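All remarks here apply to the structure that follows.
Derivation of every value follows stated rules applied to the coordinates shown; laboratory data play no part. The structure displayed is predicted, hence computed values, not measured ones. Cβ sites come from the backbone with ideal geometry, for glycine too, and all protein chains shown count toward neighbours.
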Amino acid sequence: MHNLDSTIQQKRDRRRMFADLRFRAYGIFGLLIAGSALLFLLVNIFSTGYDAFRQTVITMEFNIDADVLDVSAMPSTEELQEANTLKVAKNSFYALFPEVKKRKNKRSLYKLISLGAELDLRDHIRLQPESIGSTVTLTVPMSSDVDQYFKAGLNGEEIKSRLNEKQKAWLQTLVDNGQVTTRFNTDFFTHADSRYPELAGIGGAMVGTMYTLLICLLIAFPLGVAAAIYLEEFSRDTFLTRIIEANINNLAAVPSVIFGLLGLAVILNVFGLPRSTPLAGGIVLALMTLPTIIIACRSAIKTVPPSIREAGMAMGASPIQVIFHHVMPAAMSGTLTGTIIGLAQALGETAPLLMIGMVAFIANVPSMPNDPATALPVQIYLWAESAERGFVEKTAAAIMVIIVFLIAMNLLAVILRNRTRISNK
Amino acid sequence: MKLYTKEKAIRHGLISALILTVIPTISQARDQIQIVGSSTVYPFSTLVAERFGGSGKFKTPVVESTGTGGGMKLFCQGVGASHPDVSNASRAIKSSELENCRKNGVKDIIEVSFGNDGIAFANAIDARPVNFTRKQLWAAMAEHGPKPAKWSDIDKSLPDTKISILVPPPTSGTRDAWNAKVMKGGCPAELKKKDKKACAIMREDGPVVEAGENDALIVQKLEANHDSFGIFGFSYLENNSDKIQAATIEGVEISLESIQSYEYPIARPLFFYVKKAHIGVIPGLNEYLQAFVEEKAIGDDGYLIDAGLVPLDDGQRISLRKNTKDLAVLNKQ
């Protein structure tokens, strides 16, 4: 009898142990799947995207002739804006291949050079008008087809290129002369969007995102904290406040595109704020982030023990003093964490921005929050939609940039949490 | 006694500076052109916009791809800096839209028909030339069609060969135009009534293959297989007339003239509309308009032609340029 009992006990023990092991295995399996999906994503993005950080350029002489530019010897700014730098760039490039005479061939020859050449040349002349009439050596970008073909060559890959045999031969001549090299693609960080993949950059979207998040923070943080303090510390538990509470919790789960529609109807149409701007975008995202901040701040306030409030009151502090001198400092770490998580969520939104016109082709880097701008996720979407092959690597590189942004924000959340943590014991 | 500490002063200063910079800039007038509308015109519009902004004289216009209908809705909402200046369209403005525009005070509209979109259905030059109707093409390609294996299954007059069609990817404008004109134009009325979008879905059981953007590769495949057909923009067909030939559609041969006159069924004009009231108010709007119709852009060798636009004929271009220079407004009812 006793023996039988112990075997049953043993069996039960073993079964429990196996159940325990099995559960751990499920956990490890789940982690493995999530980890390998993340790894696959990162490897995929990094292997496509790293090529976007270098740019194929050509170093060549430009003969800046006032007659070809069609300007006077001492041109005004106006004149320079209309200067025919394209012709100068073309003539200078054709001079490298004097044997190419037919018009059709010349056209196909100049397709090796990017629109960036004439733009860079214009910038150079604007900064140094004295160079008119002389010959200068500049390093200018080559076209996207060349860029793709040349970089694939450096990587030892074979790609189907849109370049024809003649163009490849011309390019080979330039490479043999040592004129074609790659350099770090600073344009990618300073330029805004472009229809030419070799000129397109993430700079405009980065500035746009920063402005949008700044506006969002400036609106959502004070409002959110104020609302949370009121609900937690002042409001009585009435039917009305319960309804408000329930609605705030619901609001946190409302699909973001609905905030976009609200933004279109109210912020653009009623208040008449300019379309496509970080100002309007920031306000819409603030509405979206507000519930997150309120909820985070309220739960942070809840964790502050009543003894702190009572001690403050006992010392003769007014309710406001208690809140701002004692409760909020203790609740700050939770509030800030919630705020940054809310902002990180806002950083990844495109749907509400679509409604207020921030999903657009914008080729200038915004200088103010009311200049038209896109945001990082929008830029990724726009490039992923583009047919040009050169945008594939740009898309991946933009994803890398947004990942860096997210990591930085989460890191900031951790640092702030550790810095502002006040022990309640 | 409360001390107004340095820290507080800095904090207050920062906050008031922020408020001061944000508030007055809201009411500022717009100095950047805003364009909305068709995704087909978007690539042309952005190319012009970028080159226009490249000179540094004006800011690069903001171009949104909202679709023709969505663009018209925004465009017609009113006059003033908070409404877009230009609306791109892959069809002419509808009378209902025009009415809506007028109701909201958008009275003088400049219509610019800057070029055409023409699509060829072609096979290898030494294969047999064929004539198709849009109905036959739809039947051969549609998911919700009869899904025949051979052309002769659709109609006895068509060749007794396997159907094999290489189509451009959904991201291309060529595919858009093909969908609009052939897949929707050749779609049976009942299906069109029931679900217009279903008309454009292509079959995925083999005969219709997505071939990527590389037209040169498609040409090679057509040369290798004489039963295969490909879909090309007109400009590409012209440049490769030594390798491929276009089928006639409903008896009409594709040519510059037949596209320009719309006798050829797979062709459509492309437009953009400008608010006259904004010219002179939004800096650069008139200049953008003129830059779009320049020979450099829409002429036979223009950069928009490289991007796939079918040019207007010489006479049309001259009169278009004259009309845009005079800022002639639309007086359609």
| remark: Over all directions, the range A:324-425 yields a Cα convex hull whose mean projected area in nm² is 8.7
| request: Kindly write out, for the range A:204-211 in residue order, the coupling ³J(HN,Hα) from the Karplus curve 6.51 cos²θ - 1.76 cosθ + 1.60 (θ = phi - 60°), rounded to whole Hz, with x marking Gly and Pro. | output: x, 5, 5, 5, x, 4, 5, 4
| Cα-projected label distance for A:Ala351 with A:Val257, points at 7 Å along beta-carbon direction, nm | 0.6
| Rg and Dmax of the range B:150-292, using alpha carbons, in Å: what are they? | 19.0, 63
| task | Report the full-extension gain for the segment A:Thr135 to A:Val270: residue separation times 0.36 nm, less the Cα-Cα distance, to one decimal in nm. | result | 43.0 nm
| field | Pair A:Leu406, A:Asp13: separation of 7 Å Cα→Cβ label points (nm) | value | 4.7
| For the range B:189-205 and the range B:259-299, what is the separation of their Cα centres, given in Å? | 32
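Given R₀ = 41 Å, FRET efficiency for A:Gln172-B:Glu294 by Cβ-Cβ distance, to 0.05? Walk me through the numbers on the way to the answer.
Working: r = 35 Å, r/R0 = 0.86.
Computed FRET efficiency for A:Gln172 and B:Glu294: 0.70.
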| Which whole-Hz ³J(HN,Hα) couplings does the range A:236-247 yield from phi under the Karplus relation 6.51 cos²θ - 1.76 cosθ + 1.60, θ = phi - 60°, glycine and proline marked x? | 8, 7, 9, 4, 4, 5, 5, 4, 4, 4, 4, 5
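If you add up the charges near A:Leu21, with Lys and Arg at +1 and Asp and Glu at -1, over every other residue whose beta carbon is less than 14 angstrom from its beta carbon, what do you get?
Computed value for this residue: +3.
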| query | Along its principal axes, what span do the Cα atoms of the range A:89-228 show, with the longest given first and each in whole Å? | reply | 76, 44, 26
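In a shell of Cβ-Cβ distance under 9 Å around B:Glu223, excluding B:Glu223 itself, what net charge do Lys and Arg (+1) and Asp and Glu (-1) give?
Numbers: positive: B:Lys221, B:Lys243; negative: B:Asp126.
Once all neighbours under 9 Å are counted, the net charge is +1.
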| Kirkwood hydrodynamic radius for the range A:2-50: how many Å is it when counted over pairs of different Cα atoms? | 13.9
| request: Take chain B, drop everything but the C-alpha atoms, weight them equally and run the Debye formula without solvent; then report log10 I(q)/I(0) at 0.14 Å⁻¹ to two decimals. | output: -1.10
| request: Restrict the search to the range B:32-65; then list the trypsin sites (Lys or Arg not before Pro) that DSSP places in a loop and that have at most 13 other Cβ atoms within 10 Å of their Cβ. | output: none
| request: Would you please give the FRET efficiency between B:Arg91 and B:Glu190, computed as 1/(1 + (r/R0)^6) with r the Cβ-Cβ distance and R0 = 30 Å, to the nearest 0.05? | output: 0.80
| field | For peptides B:261-272, B:62-73, A:163-174, sequence by mean Cβ density within 10 Å, most packed first | value | B:62-73, B:261-272, A:163-174
| note | If R0 = 22 Å, then B:Lys162 and B:Ser255, at their Cβ-Cβ distance, give a FRET efficiency to the nearest 0.05 of 0.15
| said: Under the rule of at least 5 residues apart or a separate chain, name every residue whose amide H is placed under 5 Å from the amide H of B:Ser164. | reply: B:Phe229
| Degrees, to the nearest 10: A:144-154 long Cα axis against longest axis of chain A | 80
| Label zone at A:Ser72 (point 7 Å along Cα-to-Cβ), backbone N below 13 Å, the range A:79-93 | A:79-80
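Taking neighbour counts of Cβ atoms within 10 Å as a proxy for exposure, in what order, fewest first, do A:Val207, B:Val41, A:Val68 appear? Don't skip to the answer; put the middle values down first.
Working: A:Val207 21, B:Val41 27, A:Val68 18.
In order of increasing Cβ crowding within 10 Å: A:Val68, A:Val207, B:Val41.
Over every pair of different alpha-carbon atoms in the range A:203-424, take the mean of 1/r and invert it; report that Kirkwood radius in Å.
Numbers: mean 1/r = 0.0532 Å⁻¹.
It works out to 18.8 Å.
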| query | If you find the alpha carbon centre of the range A:1-50 and of the range A:268-285, how far apart are they in angstrom? | reply | 49
| Thinking of the protein assembly as shown as a set of Cα atoms, what percent of all their pairs are more than 36 Å apart? | 56
| request: Quick one: which residues, 5 or more positions from A:Ile113 or on another chain, have an amide H under 5 Å from its amide H? H modelled 1.01 Å from N in the peptide plane, none for Pro or chain starts. | output: A:Ser143
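Can you list which of the GluC sites (Glu not before Pro) found in the range A:57-91 are DSSP loop residues with at most 16 other C-beta atoms within 10 Å? Write down the numbers at each step before the final one.
Numbers: sites: A:Glu61, A:Glu78, A:Glu79, A:Glu82; in loops: A:Glu82.
When the GluC sites (Glu not before Pro) of the range A:57-91 are filtered for loop state and at most 16 Cβ neighbours within 10 Å, A:Glu82 remain.
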| query | Over all Cα pairs of the range A:281-356, how is the pair count split among 5 Å bins, expressed in % and running from 0 up to the last occupied bin? | reply | 3, 16, 21, 15, 13, 11, 8, 6, 4, 2, 1
| field | ³J(HN,Hα), Karplus 6.51/-1.76/1.60, whole Hz, each residue of the range A:19-29, x for Gly, Pro | value | 4, 4, 4, 4, 4, 4, 4, 4, x, 5, 4
| field | Stokes-Einstein D (µm²/s) once Rh is taken as the Kirkwood radius of chain A over alpha-carbon pairs, at 25 °C in 0.890 mPa s | value | 93
